[in-house]
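Before any comments, here is the structure.
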Amino acid sequence: MDIVLSKENELIRQSLREFAAREIAPKAAEYDRSREFPFENFRKCAEMNLTGMMVSESQGGAGMDTISYVLAIEELSRVCASTGVIISVNNSLYCHPVEKFAREEIKKNLLAPFARGEKIGCFGLSEPDAGSDPSNMRTTAVRDGDHYLLNGSKIFVTNGLGADAAVVFAVTDATSRHKGISAFVVEKGNSGFRIGKQERKLGITCSGSVEIIMEDCKIPATQLLGKEGEGFKIAMNTLDGGRIGIAAQAVGIARGALEESTRYSQERKQFGKKISDFQAIQFMLADMATEVDAARLLTYRAAWKKDQGERYSLEAAMAKLFASEVAMRATTKGIQIFGGYGYMNDYPMERFFRDAKVTEIYEGTSEIQRIVIASHLLKD
Ligand code: CAA
């Protein structure tokens, strides 16, 4: 395994760190409060070629590797975790399955503009009774000549509010459980497609999480991804990549907690000295720094494995599991170091804490990641 960053990776990291500090950080607290979808951030990320990073250049993407992608998601999430997940979903949960599984003839309209960041994509898998167990979904798709008619709804769809199209999953054969699920691209303009409830959330407040409702939603049959019945595997393959993005998001949030805490501990004085002079604070910072590095290395390893073209489900699950739990521990310690100020929303720490929690939940809870990891350990 060779995960030393290349010169190109280092340059990308440096320029994205400056970009995030200059363009994304100043408005992060405001977006968190207003809960408005940050279209302006998406546009700025598009100008930096961050919206279709791993999509080939011939399809409108930047043709970069997965290591560059995790560097970008870490840097964005360091300052604004909502922007981090918005960009991650467009890259991993929309552009990836469309590039890999869509028919060539639909890519001009349904991939290239999304990879270039002129349009926004999202991913609809979860339903009220199908979260950790997506094979229990109720949304149906029935073939009708050269169209499909979709009926059902999807919940907790990140980016849904701002999205122009969604990758959605529906049952095409109710007798076959996961083998009867198929994947489609549905456009906002398709008849019978509408946005339902807009969620108000604990963290990542402006990432536009909504319900998507499809009522006799008519889409061309060419918008089927892969073949009928392949939808469950397409969802799993897509989530493997998505989980690397969420691991990188968690690393970014945890690093934010570490850097802000390190700085604050050298400014804040109690008992006549800087609180960083107290060993209790030093030990917390030392643990945070060690865990952030470990989480980042697991994330790089998963990205590297993906770039080798090998199966990386195990490495992605390990990276997401560990990094998300590190993000919770680091932000909890961060609030403790800030004391009462950490609890107030004048400082970013309480936002980091609220934003961290969802990384243990979406794109597969920590319990699901443990199931994936154990299944690799125990297979014969
Ligand atoms: N890649 C390709 N194929 C895979 C796969 C993968 N990573 N994982 C499983 N499969 C295949 C299996 O090989 C099996 O194939 P066969 O039928 O040919 O044998 C098939 O899929 C079924 O596998 P399992 O029997 O293991 O399936 P399961 O029903 O037991 O579920 C699970 C496994 C890992 C628990 C899975 O259901 C899972 O990941 N659940 C969590 C779902 C999730 O992450 N939801 C988040 C929603 S997205 C989101 O968060 C919204 C957002 O906007 C951010």
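The values are calculated or read from the model by the stated rules, or taken from the named source; none is laboratory data. On a predicted model such as this, the values are computed, not experimentally measured, just so you know. All Cβ positions, even for glycine, are placed from backbone atoms using ideal geometry, and neighbour counts span all protein chains on display.
Per-structure values
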quantity	calculated
Qualifying residue in region 219-240 (condition: out of contact with any Phe, Trp or Tyr (no Cβ under 7 Å at 6 or more places or on another chain), of a type in the set (A, V, I, L, M, F, W, C), more than 14 Å from the ligand (Cβ to nearest atom) and outside the structural domain of Ala81 (by TED's automatic domain parsing))	no
Complete set of residues in region 152-206 that are of a type in the set (D, E, K, R) and more than 14 Å from the ligand (Cβ to nearest atom)	Asp164, Glu187, Lys188, Arg194, Lys197, Arg200
Odd one out for Asn159, checked against (1) closer than 30 Å to Cys45 by Cα; (2) polar (S, T, N, Q); (3) in a strand (DSSP E or B)	(3)
Only one of Arg103, Arg143, Arg138 that is over 17 Å from Asp216 (Cα atoms) and either touching a strand residue (DSSP E or B) at 6+ places or on another chain (Cβ under 6 Å) or in contact (Cβ under 8 Å) with a residue 12 or more places away in the chain (or both)	Arg103
Test: residue in region 41-54 that is within 16 Å of the ligand (Cβ to nearest atom), acidic (Asp, Glu), at pLDDT 95 or above and surrounded by fewer than 24 Cβ atoms within 10 Å (Cβ to Cβ)	no
Test: residue in region 55-71 that is of a type in the set (Phe, Trp, Tyr), outside the structural domain of Val251 (by TED's automatic domain parsing), within 23 Å of Glu315 (Cβ to Cβ) and within 20 Å of the chain's Cα centre (by Cα)	yes
Exclusive hit being within 16 Å of the ligand (Cβ to nearest atom), at pLDDT 95 or above, buried (at least 23 other Cβ atoms within 10 Å of the Cβ) and farther than 30 Å from Val171 by Cβ, set Ala247, Ala257, Ala295	Ala247
All helices (runs of 4 or more DSSP H) inside region 338-380 with 1 or more residues being more than 16 Å from the ligand (Cβ to nearest atom) and without any contact (Cβ under 8 Å) to a residue 60 or more places away in the chain	340-343, 349-357
Filtered residues of region 124-157 (kept if of a type in the set (Phe, Trp, Tyr) and either touching a Cys at 6+ places or on another chain (Cβ under 6 Å) or in the same structural domain as Phe39 (by TED's automatic domain parsing) (or both))	none
Residues of region 138-164 classified as within 17 Å of Thr238 (Cα to Cα) and of a type in the set (A, V, I, L, M), total	1
Glu99 being of a type outside the set (A, V, I, L, M, F, W, C) and more than 18 Å from Ala163 (Cβ to Cβ)	no
Flag if Ala72 is modelled with pLDDT of 95 or more, outside any loop (DSSP other than H, G, I, E, B) and among the aliphatic types (A, V, I, L, M)	yes
Residues of region 273-312 classified as in a helix (DSSP H, G or I) and under 21 Å from the mean Cα position of the chain (by Cα), total	17
Residue check for Ser132: among the polar types (S, T, N, Q), buried (at least 17 other Cβ atoms within 10 Å of the Cβ), modelled with pLDDT of 95 or more and not in a helix (DSSP H, G or I)	no
